[in-house]
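A.B. asks: Let me begin by handing over the structure; questions about it come next.
The values are calculated or read from the model by the stated rules, or taken from the named source; none is laboratory data. Fair warning: this is a prediction, and the values are worked out from it, not measured in the lab. Quick reminder, even Gly has a Cβ in these numbers, built from the backbone with ideal geometry, and neighbours come from all protein chains shown. SASA here: full protein model, heavy atoms, side chains in, ligands and nucleic acids out. Shrake-Rupley method; radii C 1.70, N 1.55, O 1.52, S 1.80 Å.
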Amino acid sequence: MTNDTAHDPGIHLPWAGKTVRMDEIEEVLASLWKMSADNLRTGANVRVRTSVLNLVICAPDIETAQRTSKILRELSSTHLARVTLLILDNEEHAPSSLHAWVTLRCFSMISDLMRHCFEQTTILASGSAVRSVANIIQPLLKPDLPVYLWWLGDPPDRDDPTFIGLVEISSRMIVDSTGFFNPEQDIITLSALFDTTPECALSDLNWGRITPWRQLISQFFDVPEYRSYLNGVTSIEIEHSVAPLATQMRTELGDVSPNPARALLLAGWLKERLGWSLAEDTTNNDSDTGSGTYFWSMARLANARSTRSLTPTRVKPTPGNIASISIRPLVSAEMRPGSIFLVRLISNLDNKQATFTISLEDEMKLFVTSIELSHETRARRSVSLAAVQNESDLLHDELEILGHDYQFEQTLKEVTEMLAAEK
């Protein structure tokens, strides 16, 4: 039997609000809304409870939950959500219990005369109660609104009842692979969700982090002079940052090192966009999970891309059209682990070689793009873009998407195929 131990004096989460019993949540939230309206300087006593979505956040521990709660403060007011923050205590011998807290998160818009608020319920579940959280939180969800599930940390096995139960009630699941301790296995697990829960869309905050890289790569071939070189790309090189420590570790910001998830996603996107497939000869393939080093031999498709854009077409492989993708770690104390540091595409066309390079320079504040044609640098420019986006900004963008992000989901399948070739 699950004990509702909301008033247990041994657990204190002052940042989570008022301690309540599960059956008191709605009543206490209504009371908080009334108090908020009564405190308005206009005295209008307005009590409008507006939400545009349900946001369910799953955290593996209290520390992660508190850090995530701070991120919610930075979310734009355009995403007024009913937030349910779940802390799942999966310790084997933990007693079956539930603890709950509620709070109203309010912030001023223009002045104190106009404020937006959203509700946050924090639930700490332990023991057998963890397996039932999907059923436990369903009465707390506002009906007829989409449910976004933000899963923090490594996703469990796809047969995990807690995980599957939450995914099944969600319209969209959001992860952040920069915090995966087992990025290869976790990517494979996420890809397998397509088979078990195809109705739930999937997204990754890391996909947003590589958006500037994808945009800059595409811009190379928007220039008419260089479009033809797209079909001649034979080599892709990607470098990602790792912490100086040789052993796997998690930073204070929640990043895991080494973690090549961003590099893998970019490699999978390029593979799919260029129409490449894994070569039958895997002799030269290499994988070192411990350092985040990879190499794949690829088979290019003759005339697989139009000269206008990175648009896929289906063409049979031509013998001899061999290419490669390599991912290498770069030790850096300045960059957050997992960040991409360099991307280089080498193209050979009509006995001419062109090298397209994007790198981070000037203390990681600028993207520098360059084109080298026949050993002559033809174009070089600096682009001021944020190398590290805030989690709140990335989450904001994901909450804007109502349906499937098919490009990301296809990229995830491509990466899974590449990783499977190394097994």
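A.B. asks: How much length would be gained if the chain were fully extended between T196 and E361, taking 0.36 nm per residue of separation minus their Cα-Cα distance, in nm to one decimal?
C.D. replies: Values: separation 165, 0.36 × 165 = 59.40 nm, distance 4.31 nm.
Length difference between fully extended and current span is 55.1 nm.
A.B. asks: State the percentage of accessible surface on region 80-189 attributable to carbon and sulfur atoms; use a 1.4 Å probe and exclude ligands, DNA and RNA.
C.D. replies: Numbers: 2130 of 4210 Å².
Roughly 51 percent of what the probe reaches on region 80-189 is carbon or sulfur.
A.B. asks: Right, another one. Longer than 26 Å from Cα to Cα, which of K70/K142; K271/K352; K18/K142; K70/K413; K34/K70; K352/K413 are they? Say none if no pair is. Don't skip to the end; give the middle numbers.
C.D. replies: Numbers: K70/K142 23 Å; K271/K352 22 Å; K18/K142 21 Å; K70/K413 33 Å; K34/K70 24 Å; K352/K413 33 Å.
Flagged as over cut-off: K70/K413; K352/K413.
A.B. asks: Fully extended, how many nm does the chain gain between Q219 and A421 (0.36 nm per residue separation, minus their Cα-Cα distance)? Could the numbers behind the result be given before it?
C.D. replies: Working: separation 202, 0.36 × 202 = 72.72 nm, distance 3.08 nm.
Result for the pair: 69.6 nm of gain on full extension.
A.B. asks: Let me ask another. Can you tell me the FRET efficiency between T283 and N90 if r is taken as the Cβ-Cβ distance and R0 is 41 Å, rounded to the nearest 0.05? Each step should come with its number before you reach the end.
C.D. replies: Numbers: r = 42 Å, r/R0 = 1.03.
Step by step, r from the Cβ atoms, then E = 0.45.
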